[in-house]
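> Pasting a structure here, questions to come.
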Amino acid sequence: MIGAVDIGGTKIAVGMVDDNGKVLSRLESSTDAAGGYANGLARMIDMLRRTSRDAGVEISGIGIGSTGVVYPGSGAFGDVDLLPGWQGNNPVEDLAREFEVTVALENDADASALGEAGWGAGKLKSRLIYVTVGTGIGGGIILDGQIYRGVDMAHPEISHHVIDPSGPDCSCGYRGCWESLATGPAMAAWFNTNSAGDRGSPKKLSAVQICQLARCGEKLAIRAVEREAYYLGLGVANLINLFVPDVIVLGGSVMKSAALFLEGIRKVIRQGCRFVPYEKTELALASLGEDANLIGAARVWHHRFKQGVNRAS
Ligand SMILES: [Zn+2]
């Protein structure tokens, strides 16, 4: 039974996950990063004890998925935007000491990729890329069943590959990154700017509301959806040209409206991936539901400590 810890910028979720990826109990609390790491750690420990008691199980290992930058090798937090002041603290060492079990840590996008590869839409696929599209874009790359890491075990940042160098400024320093053009807020910003020109000063709509309007046939909303599908498609097509994976698993809040985007994404892929067997790369939707982050965090432990048993073929 694996204790799973999902550390995000707004909340920390904890749960017990069995060997089939089923969540047996869960609790969450606000992250309260400003309250300090020691306080956050104390709540993680308390929630791990309570969820194991609720499920009536003993914890045999702990897996952590965290918003990044994190160092999977040492188990320490890097300079994480959403966790100011937590840098250098080491939840792997601290939880291992407290519970006397093995503990593993990964970036949360890598954790979700491992979850989908182990128990979800990418099961039994050897080459998988997971992409989550919401307020940001995140991703994890699995090659030959192993999480792909760069030098110093670095997590590659697929959201900061440039789609349009004349596009909007990005937090990273470039212009027109995938993340600056294809997130939910980017779609909403384009729609709201253009609808202001059309109709005076209407209220600002969210990506979810724009998708609803598009389903009702509203013209500008349909254009916003087409534009979103085009930018999503460019990024996905680049990943196919670079990696030709077995499957690209698409998750995140924007992908809850995937039916609106998939044909547009496929069209862009057909236009520009002709030198690789793109038709063999499956586009799949993330399948682990609302507990995907916890399930992914549990899978981090399996990937690290049960490699021989669970490795994808
Ligand atoms: Zn960027």
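> What share of the DSSP beta bridges in the chain is antiparallel, in percent to the nearest 5? Write down the numbers at each step before the final one.
Values: 25 of 46 bridges.
Bridges in the chain are about 55 percent antiparallel.
> Pairs to check: K256/K306; K203/K267; K125/K256; K123/K280; K256/K280; K203/K256. Give those whose C-alpha atoms are more than 21 Å from each other in this structure.
Working: K256/K306 32 Å; K203/K267 32 Å; K125/K256 23 Å; K123/K280 16 Å; K256/K280 24 Å; K203/K256 23 Å.
K256/K306; K203/K267; K125/K256; K256/K280; K203/K256, as the Cα separations exceed 21 Å there.
> How would you order 237-249, 24-36, 2-14, 259-271 from highest to lowest mean count of nearby Cβ atoms within 10 Å? Mind showing how you got there, number by number?
On the way: 237-249: 19.9, 24-36: 15.2, 2-14: 22.5, 259-271: 17.0.
Output ranking for 237-249, 24-36, 2-14, 259-271: 2-14, 237-249, 259-271, 24-36.
> Working from the alpha-carbon coordinates of the chain, get Rg over Rh, Rh being the Kirkwood radius. Mind showing how you got there, number by number?
On the way: Rg = 20.0 Å, Rh = 20.2 Å.
So for the chain, dividing Rg by the Kirkwood Rh gives 0.99.
> Can you tell which of V268, I141, M153 lies farthest toward the positive end of the dipole of segment 132-277, using +1 and -1 charges on the Cβ of basic and acidic side chains (Lys, Arg; Asp, Glu)?
Of the listed residues, the answer is V268.
> Carbon and sulfur atoms: what percent of the 1.4 Å accessible area of segment 227-313 do they account for?
Details: 2200 of 4150 Å².
That share works out to 53 percent.
> Further question on the same structure: So, with +1 on the Cβ of K and R and -1 on the Cβ of D and E, and no other charges, what is the size of the charge dipole of the chain about its Cα centre, to the nearest 20 debye?
Values: 30 positive and 34 negative charges, 200 e Å.
Taking the Cα centre of the chain as origin, the dipole is about 960 debye.
> If you don't mind, another one. In sequence order, what are the phi-derived ³J(HN,Hα) couplings for segment 110-124 according to the Karplus relation 6.51 cos²θ - 1.76 cosθ + 1.60 with θ = phi - 60°, rounded to whole Hz, with x for glycine and proline?
Taking θ as phi minus 60°, the curve returns 5, 4, 5, 4, 5, x, 5, 6, x, 10, x, 5, x, 4, 6 Hz for segment 110-124.
> Given the -39500 (n - 2.57) contribution per DSSP H run of 4+ residues, what per-residue ellipticity at 222 nm results for the chain, rounded to the nearest 500 deg cm²/dmol? Before the final figure, lay out each step's value.
On the way: 10 runs with 128 residues, N = 313.
Calculated at 222 nm, the ellipticity per residue is -13000 deg cm²/dmol.
> Right, next: Does a label point 7 Å from the Cα of A259, set along Cα-to-beta-carbon, have any residues of segment 211-248 with amide nitrogen under 11 Å, and which are they?
Under 11 Å, as judged by backbone N against the label point of A259, lie 215 of segment 211-248.
> Run the accessible area of segment 1-114 with a 1.4 Å probe and give the carbon-and-sulfur part as a rounded percent. Before the final figure, lay out each step's value.
On the way: 2080 of 4620 Å².
Taking all protein chains in place, segment 1-114 shows 45 percent carbon and sulfur surface.
> Among the aspartates and glutamates, which have Cα under 19 Å from the Cα of K11 when same-chain residues fewer than 8 positions away are ignored?
Partners within reach: E28, D32, D46, D79, D81, E106, D108, D110, E290, D291.
> Which of the peptides 114-123, 70-79, 52-61 is most tightly packed, and how do the rest follow, going by the mean number of other Cβ atoms within 10 Å of each residue?
114-123, 70-79, 52-61
> For segment 225-267, with only Lys/Arg (+1) and Asp/Glu (-1) charged at the beta-carbon, what is the dipole magnitude about the Cα centre, in debye rounded to 20? Show your work: numbers first, answer last.
Working: 4 positive and 4 negative charges, 10 e Å.
Roughly 60 debye for segment 225-267.
> Go through A109, W86, I7 and say which Cα lies farthest out towards the positive end of the charge dipole of segment 1-143; charges sit on Cβ, +1 for Lys and Arg, -1 for Asp and Glu.
Most positive-ward Cα: A109.
> At 0.36 nm per residue, and after removing the present C-alpha to C-alpha distance, how many nm does the segment from K203 to V244 gain when stretched out fully?
Working: separation 41, 0.36 × 41 = 14.76 nm, distance 4.21 nm.
Full extension of this stretch gives 10.5 nm more.
> Expected output is a single nm value to one decimal: the length gained when fully extending between N20 and I222, i.e. 0.36 nm times separation in residues minus the C-alpha distance. What is it? Please report the intermediate quantities before stating the final value.
On the way: separation 202, 0.36 × 202 = 72.72 nm, distance 4.04 nm.
So the extension gain works out to 68.7 nm.
> Hey, got the dipole for segment 172-313? About the Cα centre, +1 on K and R Cβ, -1 on D and E Cβ, debye to the nearest 20? Write down the numbers at each step before the final one.
Numbers: 18 positive and 11 negative charges, 25 e Å.
It works out to roughly 120 debye.
> Considering only DSSP beta bridges where both residues belong to segment 1-91, give the percentage that are antiparallel (nearest 5).
Working: 15 of 21 bridges.
About 70 percent, rounded to the nearest 5.
> Provide the FRET efficiency to the nearest 0.05 for the E279-H160 pair, computing r from the beta carbons and using R0 = 30 Å.
0.60
> Okay, moving on. For segment 79-121 and segment 268-283, write down the distance between their C-alpha centroids in whole Å.
If we compute the Cα centre of each part, the gap is 34 Å.
> What distance in nm lies between label points placed 7 Å from Cα along the C-beta direction at S74 and D144?
A separation of 2.8 nm, rounded to one decimal place.
> Sequence neighbours fewer than 8 away in the same chain don't count; with that in mind, list the aspartates and glutamates whose C-alpha is under 16 Å from K204.
Filter leaves E218.
> Could you please report the charge total around P156, scoring K, R as +1 and D, E as -1 over all other residues with beta-carbon less than 15 angstrom from its beta-carbon? Present the calculation step by step, with values, prior to reporting the outcome.
Details: positive: R127, R149; negative: E106, D108, D110, D152, E157, E179.
With Lys, Arg at +1 and Asp, Glu at -1, the net is -4.
> Can I ask one more? Less than 13 Å Cβ to Cβ from S171, Lys/Arg counted +1 and Asp/Glu -1: what total charge do the surrounding residues give? Walk me through the numbers before you get to the answer.
Working: positive: R175; negative: D81, E157, D169, E179.
Result for the neighbourhood of S171: -3.
The values are calculated or read from the model by the stated rules, or taken from the named source; none is laboratory data. Predicted, not measured: the structure shown is a model, and the values here were computed from it. Cβ coordinates were reconstructed from backbone atoms using ideal geometry, including for glycine residues, and neighbour counts include every protein chain displayed. These area figures cover heavy atoms from the full protein model, side chains too; ligands, DNA and RNA do not enter into them. Shrake-Rupley method; radii C 1.70, N 1.55, O 1.52, S 1.80 Å.
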